[in-house]
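Student: Let me begin by handing over the structure; questions about it come next.
The values are calculated or read from the model by the stated rules, or taken from the named source; none is laboratory data. Computed from a predicted model, the values in this text were never measured in an experiment. For neighbour counting, all protein chains shown are included, and Cβ atoms are generated from backbone atoms with ideal geometry for every residue, glycine included. Note: areas computed on protein heavy atoms with side chains; ligands, DNA, RNA excluded. Shrake-Rupley method; radii C 1.70, N 1.55, O 1.52, S 1.80 Å.
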Amino acid sequence: MFASVVSVGLDNVELVGRLNAAAFTDPLTRLPNRTRLVEALDAAVAAAGEHDATLALVDLDHFAETNDALGHGFGDLLLVAVAQRLQQQLDPRLTVARIGGDIFAVLGDSALNTPEALDALFAVPFSIDGQDVQVSGTFGLVRLAEHDGSGADALKDADIALKRAKTQQRGGHFYFSRGMGVEIRERVRLMHALRSGFKGGELYLAYQPQVDLATHRPFGAEALLRWRTADGRMIPPDRFIPIAEYSGMIVEIGAWVLREACAELVRLHQAGHEAFTMSINVSQVQFRHPHFVEVLRRALDETGAPPEYVELEITESMAMEEPQQLADLLAQVKRTGVSIAIDDFGTGFSSLSHLQRLQVDRLKIDRAFVTEITGSARGSSIAEMVIQLGRNLGLSIVAEGVEDERQAQILHALGCPLAQGYLFARPLAPQDLLAWLGQQPVERAA
């Protein structure tokens, strides 16, 4: 009986050891895992006043592509090789962990744990399965002496810095700052406010008229998304639209914009403005959603909007990204009967061969070039080039941001047929647009 009790006790000790290893050790690399790292971080944060420590996250560049091309077995061998090099070549006083996927963490003295020291580890290729593989890493770092919060919070801050580093330049690094924390919290707050504001009906559309420069008579309007909070504050589109895109809300919001703008177009036609055209902005996230064409067709069917009077605006940067895929998508969109305009034209680096393949109908000259048109002797050169390009390709041209009569005269002299801007009208509420149109007859766009 005594021997049995001792045996059971030893088995329990072994079981506890295995459970402890499973709880705190990464099974592939045998490094400490995220849970163990957070424990070490809590201790390091508590001692931050006595020791200058830094947490660095190391993300392997293009690891997913390596996995897809060479297989998961090869990818696992690469992860093990990186783990061994981190352990063997960094100062032994530093703690190395694998916190998931292809992301490793290094914790310890700031003088030892630097981007330069980490970058040096990737200078020599890794030998994997008899072949050399050159790998680079991107690093996000946080100095614990400048950090407020728990170990888990420090890990989140380092992850924020890593994401910033990856958006700026692969193979680079970025240090977390308190200002970034404030910025992230503000974006999260705004995201929640946007979600509840959209459900609460705080978003609305304003319509900026578009006119014929020869007659100053309107032919259509651009639908512009606006947000007025419950307390009456206006949130600028350049603040909330990127958040809507990042969070994915833009898909639902964009579908609502399509329906609302199409419904307004129908109301305007019923009021007697039968030649009126509605121009609607479409974001990249929304446009590349797999059900976008279906959403567009549903908006046209449910509202009864005539597709030949509906125009979708996409940005020049969207038009130049994966042009063949976009050409196929535009062909589907065009089959619904709507037309396509490229917004902010001239701000990117368009390939004319790609532009020619896309089935677009109109180019919009960016307001920056319209502003410059009276500012210097060469100010009109880009606007003139876009106008000439449009003519050569058989496309219509609209100038954005026309604010004074001199700009309108120069654009008209250069051959630009259409324009919009404060010179003609500011964005108007639906009832104000109807009243404005009542004072001047609508004509079909050139």
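Student: In the stretch 153-178, what residues are on the phi < 0 side of the Ramachandran plot and either open to solvent by less than 40 Å² (accessible area, probe 1.4 Å) or among the aromatic types (Phe, Trp, Tyr) (or both)?
Tutor: Of everything in the stretch 153-178, those that are on the phi < 0 side of the Ramachandran plot and either open to solvent by less than 40 Å² (accessible area, probe 1.4 Å) or among the aromatic types (Phe, Trp, Tyr) (or both) turn out to be 154, 155, 157, 158, 160, 161, 162, 165, 172, 174, 175, 176.
Student: Something else about it: Of (1) within 34 Å of the chain's Cα centre (by Cα); (2) among the small types (Gly, Ala, Ser); (3) closer than 21 Å to residue 265 by Cα, residue 390 satisfies all except one. Which?
Tutor: The failed condition is (3).
Student: Can you tell me which of (1) open to solvent by 60 Å² or more (accessible area, probe 1.4 Å); (2) modelled with pLDDT under 75; (3) within 20 Å of residue 224 (Cβ to Cβ) is the one residue 375 doesn't meet?
Tutor: If we test residue 375 against (1) open to solvent by 60 Å² or more (accessible area, probe 1.4 Å); (2) modelled with pLDDT under 75; (3) within 20 Å of residue 224 (Cβ to Cβ), just (3) comes out false.
Student: Considering only residues that are over 18 Å from residue 44 (Cα atoms) and not in a loop (DSSP other than H, G, I, E, B), look in the stretch 127-149 and name the one that is modelled with the lowest pLDDT.
Tutor: 131
Student: Select, from 211, 251, 257, the only residue that is touching a residue at least 60 places away in the same chain (Cβ under 8 Å) and surrounded by 14 or more Cβ atoms within 10 Å (Cβ to Cβ).
Tutor: Just one listed residue meets the conditions, 211.
Student: If we only count helices (runs of 4 or more DSSP H) wholly inside the stretch 19-90, which ones have 2 or more residues that are among the acidic types (Asp, Glu)?
Tutor: Those helices (runs of 4 or more DSSP H) span 34-46, 63-70.
Student: Moving on to the next point. Is it the case that the stretch 197-205 has a residue that's closer than 27 Å to residue 362 by Cα, open to solvent by less than 20 Å² (accessible area, probe 1.4 Å), in a strand (DSSP E or B) and modelled with pLDDT of 90 or more?
Tutor: Yes, some residue in the stretch 197-205 is closer than 27 Å to residue 362 by Cα, open to solvent by less than 20 Å² (accessible area, probe 1.4 Å), in a strand (DSSP E or B) and modelled with pLDDT of 90 or more.
Student: Please go through (1) of a type outside the set (Phe, Trp, Tyr); (2) in contact (Cβ under 8 Å) with a residue 40 or more places away in the chain; (3) crowded, with 17+ Cβ neighbours inside 10 Å; (4) in contact with a helix residue (DSSP H, G or I) (Cβ under 7 Å, 6 or more places away or on another chain) for residue 271 and return the number of the only condition it doesn't satisfy.
Tutor: Of (1) of a type outside the set (Phe, Trp, Tyr); (2) in contact (Cβ under 8 Å) with a residue 40 or more places away in the chain; (3) crowded, with 17+ Cβ neighbours inside 10 Å; (4) in contact with a helix residue (DSSP H, G or I) (Cβ under 7 Å, 6 or more places away or on another chain), only one is false for residue 271: (3).
Student: Which is of a type outside the set (D, E, K, R) and either in contact with a Gly (Cβ under 6 Å, 6 or more places away or on another chain) or in a loop (DSSP other than H, G, I, E, B) (or both), of 211, 266?
Tutor: Being of a type outside the set (D, E, K, R) and either in contact with a Gly (Cβ under 6 Å, 6 or more places away or on another chain) or in a loop (DSSP other than H, G, I, E, B) (or both) holds for just one of 211, 266, which is 266.
Student: Of the residues that sit in the stretch 418-446 and are at pLDDT below 95 and among the polar types (S, T, N, Q), which one is most open to solvent (accessible area, probe 1.4 Å)?
Tutor: Only one residue fits best here, namely 439.
Student: Which residues, taken from the stretch 214-238, are assigned to a helix (DSSP H, G or I) and surrounded by 14 or more Cβ atoms within 10 Å (Cβ to Cβ)?
Tutor: Residue satisfying the conditions is 237 alone.
Student: Against the condition open to solvent by 10 Å² or more (accessible area, probe 1.4 Å), more than 35 Å from the chain's Cα centre (by Cα), acidic (Asp, Glu) and within 21 Å of residue 155 (Cα to Cα), how does residue 116 come out, does it pass?
Tutor: no
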